[in-house]
Every structure is written in structure tokens, then in C-alpha cells.
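What follows is calculated from the coordinates using simple rules that are stated; it is not laboratory data. None of the values given here were measured: they were computed from a predicted structure.
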Amino acid sequence: MDARLNFLSDAAPVGLAPLHGEPPVVRLRGFTRRFGENTIIHDLNLDIAPGEFVALLGRSGSGKTTLLRTLAGLDGTDGQDVTVPTSRAVVFQDARLLPWKKVWRNVALGLRGPDVRQRAEAALREVGLGHRMDAWPLTLSGGEAQRVALARALVREPSLLLLDEPFAALDALTRIRMHDLVLDLWRAHRPAVLMVTHDVDEAVALADRILVLDEGRIAAQDRISIPRGERGELARPYREKFLQILDGTARADGVIPFPHGIPA
Ligand SMILES: Nc1ncnc2c1ncn2[C@@H]1O[C@H](COP(=O)(O)OP(=O)(O)OP(=O)(O)O)[C@@H](O)[C@H]1O
Ligand SMILES: [Mg+2]
């Protein structure tokens, strides 16, 4: 492992958060994932508390999506010690909407019951798209499509929301608006969140806790105790630390300006 990634490893037990007495919604012990000869995730311990917002940073190929797919149940766990809630939802970098179904039907996909359209409408209103219910996905902007993807995730009231670089394809201003939206939705629904991002500023703006994955191991973590509305300048040391850990790769990936004014 890169020696620089030991920077925060002295923070007590890596991957395990203080849990305020509540059982974690995510619990992995000694989790390992191999593809053929390659071990992608090594002996990983991870707890995520109910309602906790965790950001996952790491270089390309460090295993972030592999871990997220495991938590999403999209990858087998071979009887390993993995606990995840059954109620979970995923949003990927691309919205993955079905182009032949209207927006509300994309949100309602897989839902059952007489009030499905109403539930989809309520979710779309929450993301500011109540007026596009009957639109076709191909008529949406990238930001709107991601908002539909968020509505589709949240209409299921998941206790675990998994986000894999959900804003990476959006312009800087739209991303900042999406940060506000995600925080609003998170406050309203309180799922535990694991958000993969390459963007240190995004992680610092949104998360309660930041993890760094390196070659399939949690190499560093930190909890951000500063209220979200006050993170602007006060959070600079966190940004500097994590940028050092990532050795500047986050900047190369296109860091956006720190979004001011996000309420705590
Ligand atoms: N199905 C698979 N078969 C073989 N190797 C795989 C498979 N899925 C992922 N890998 C390998 O596992 C490693 C980690 O991939 P992963 O997609 O988890 O990285 P990542 O951290 O999400 O990267 P990025 O930031 O580029 O999205 C890579 O070397 C990848 O090639
Ligand atoms: Mg990935």
C-alpha cells in the first residue's frame, strides 16, 4: 500500500463508526472479493449507522464500485459475514431510465398497489419534477434524468441509499444544486447513504464520515463534526488532508468549487 495512505489510519478502528447504540444497517466483517486471481476487496470491516451519510473516495480501480455492488446485492457474497438491509436503492452515474417508459412509469418501476402513480408523482415533486411526469426520458436534461433516478430510489423509502458517482457527468452548477437536493432528501427520509465520489469537495460538503479505499482496503477515514452550513473555510483542513491522501488525483478528476450555504 502507498505509504501516504497511512495518513489517517491511526483514526480508531478503520471502517467502524461509533454507532450511538443503534445496530448498524450495514455490517461487513472480513469481507473479501476476488475476480479470478485478483483480490479486489481485502478483509474489509465496515459498519454504517442508520441515517449516516458516508462518502467513499479512492483512486480509479480501488474497488469502490465492487464494494457498492456488494452492498446493493448485485454481487454474491458467498456466505461471508455481510449484513445489508433488504430495503436499499442504487443511483449510478448514468440515470439508467427506460426510454420507452414515461418518466412516472420509470419511477414506479416495480412498485405495486393502486396508488402507484400518486407515489411516483409525490417523489417526482420532491425532486422538483412533478411537471415532467408524463415526459419521455429522452427529453430530459442530464440533471433532470439524475433527479428522476433519485426519485425512483427514494420512492421505495430505502434504509440504505447507494450512490455511485451520481453527479460526475453534470456541470459544476448543476452538481451544487444536486448537493442541496440530496441533503434535503436525506434529511426528509433519513436513509443511511454510501456515496462513491472522486471529488473531495463533494465528500466534505455532504458526508458525516469519509472513507478512502485503496487497493481494496480502507486506508483512511475521518468523521466531519462541523455542521454542514459552517464547513466552508472550517473544513479546509479536511480537504487538504484528503487531497494529500489521494495525491492530487481528485483535482485531476475535476474538483468543483466548495458549495457554500448548504444548511446543516
Ligand atoms: N466483473 C469483474 N471481473 C473482473 N474484474 C473486475 C470485475 N469488476 C471489477 N473488476 C476489477 O476490479 C477492480 C476494481 O474495480 P471497481 O470498478 O470496483 O473500481 P472503482 O474503484 O469503482 O474504479 P472507478 O473509480 O474507475 O470507477 C478493477 O481492477 C476492475 O477491473
Ligand atoms: Mg467505480
*Calculate the translational D of the chain in whole µm² s⁻¹ from Stokes-Einstein, where the hydrodynamic radius comes from the Kirkwood formula applied to all Cα pairs, the temperature is 25 °C and the viscosity 0.890 mPa s.*
130 µm²/s
*Reachable lysines from LYS241, Cα under 28 Å, same-chain residues fewer than 8 places away excluded?*
LYS64
*Non-local amide H neighbours of ARG217 (under 5 Å, H modeled in plane, Pro and chain starts lacking H): which ones?*
HIS42
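Can you list the equivalent-ellipsoid semi-axes of segment 100-162, largest first and in whole Å, using the square root of 5 times each Cα gyration tensor eigenvalue? Before the final figure, lay out the partial values.
Numbers: eigenvalues 56, 38, 20 Å².
The three semi-axes for segment 100-162 are 17, 14, 10 Å.
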*With a bin width of 5 angstrom, please list the P(r) values of segment 56-101 as percents of all Cα-Cα pairs, from the 0 bin to the one holding the largest distance.*
5, 15, 23, 23, 17, 10, 5, 2
*Can you give the Rg to Rh ratio of segment 56-205, both from alpha-carbon atoms, with Rh computed by the Kirkwood formula?*
0.96
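Rounded to the nearest 5, what % of DSSP beta bridges with both residues in the chain are antiparallel?
Working: 16 of 33 bridges.
The answer is about 50 percent antiparallel.
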